[in-house]
Amino acid sequence: MFTSRRILLLVAFLLLLCALLNPRYTRWLTRPMASVVETLQYPAWFVASNVKTDPGSRFSIGSTEPLAEQLEAERTWNDQLWQENKRLRQQLDAFDAIKEIRDIDQIRMVEARVGRFTDDPINPTIKILRGYMQGLKPDDAVVYQSNLLGFVTDEIGPITATVTLISKPGFEVEVNIMPPQGIRSGEGWPVTDRAKSNGKGGFTCDLDDSITRYLQKGDLVRVSDTLRDSANGFVLGTIESIEDHPDRPLQLDRVLILPRTPIGPQRMVTVLTERND
């Protein structure tokens, strides 16, 4: 029977045996005992703080309305950035188109927003939100990219101006017709003639049938007028059809020209005016 004295003697014998043997053989016994002794040397508050479990965190999700409002605000901001990016791309395209036609050092481009479009059959006009404070003057050409839209009238205010459109009945301008594939006839190109508005959004010019045989649908018609030099080089339109002249079908053909872009409903236009510097 084990008594306290026998147990004490057994422990003393084991300790003596561990002291005589190599530590590699007694590590299984001495390591737990050393750990217990080392732990007892720490303060009680330190042991308690490391033994107790951390309290569970408590939080409430709350309402999702602020998150929905934030998402809607971010979407609105993204739409505004998209619209601004679109406007800048259009502005860059217009600048590149005009730069290919005119010397930028000789003109000043004024971007203008269209405030009102009047589709009057006798006098179609647009009201632009730019005026003489921005340097606009009568007869300044108004274009959309490389397409001619009209000319500034003498109705110019400080911040607004009226533009008469080229679709006005009776409008007439000298033009050059150049086939897009280059010279087909071998001589006499480009064809120079006067184009007249037919009052229906298009233009007509009468040419000899010996010339029209070299023309075809899609050929560009550009402005080349001595009286309206601010519009020279810009596109009046493209050939839509070539038909016999109603009065002189044996000598002449009537060429129908349509603008490449609708005349009037643009949101932004560019006014070409002289530099003041």
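The values are calculated or read from the model by the stated rules, or taken from the named source; none is laboratory data. All figures in this text were calculated on a predicted structure; none of them were measured in a lab. Please note: Cβ atoms are built from the backbone with ideal geometry, for glycine as well, and neighbour counts cover all protein chains shown.
Here are the numbers:
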item: Any pair with Cβ under 6 angstrom, 6 or more apart, that starts in the range 132-148 at a residue that is without any contact (Cβ under 8 Å) to a residue 24 or more places away in the chain and ends at one that is surrounded by fewer than 24 Cβ atoms within 10 Å (Cβ to Cβ) and of a type in the set (D, E, K, R); result: PRO138/ASP154
item: Yes/no for MET33 being in a helix (DSSP H, G or I) and either in the same structural domain as VAL223 (by TED's automatic domain parsing) or modelled with pLDDT of 85 or more (or both); result: no
item: Qualifying residue in the range 123-134 (condition: charged (D, E, K, R), assigned to a strand (DSSP E or B) and more than 19 Å from VAL269 (Cα to Cα)); result: no
item: Subset tally (residues that are free of Cβ contacts under 8 Å to residues at least 24 places away in the same chain and among the β-branched types (Val, Ile, Thr)) for the range 233-266; result: 1
item: Selection count, the range 224-241, where residues are touching a helix residue (DSSP H, G or I) at 6+ places or on another chain (Cβ under 9 Å) and at pLDDT 90 or above; result: 0
item: Boolean, ARG222 is surrounded by fewer than 17 Cβ atoms within 10 Å (Cβ to Cβ), assigned by TED's automatic domain parsing to the domain that holds ARG248, of a type in the set (D, E, K, R) and assigned to a strand (DSSP E or B); result: no
item: Qualifying positions in the range 232-265 - farther than 17 Å from VAL191 by Cβ, out of contact with any Ser or Thr (no Cβ under 9 Å at 6 or more places or on another chain) and crowded, with 21+ Cβ neighbours inside 10 Å; result: none
item: Residue selected from the range 129-155 under the condition surrounded by fewer than 21 Cβ atoms within 10 Å (Cβ to Cβ) and of a type in the set (A, V, I, L, M), by the criterion nearest to the chain's Cα centre (by Cα); result: LEU129
item: Boolean, SER185 is part of a loop (DSSP other than H, G, I, E, B), among the hydroxyl-bearing types (Ser, Thr, Tyr) and modelled with pLDDT under 90; result: yes
item: Members of the range 105-114 that are loosely packed, with under 13 Cβ neighbours inside 10 Å and in a strand (DSSP E or B); result: ARG113
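Conditions (1) part of a strand (DSSP E or B); (2) closer than 30 Å to GLN134 by Cβ, marked per residue:
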| residue | (1), (2) |
| --- | --- |
| LEU227 | no, yes |
| GLU240 | yes, no |
| ASP253 | yes, no |
| ILE257 | yes, no |
| THR261 | no, yes |
| PRO265 | no, yes |
| VAL271 | yes, yes |
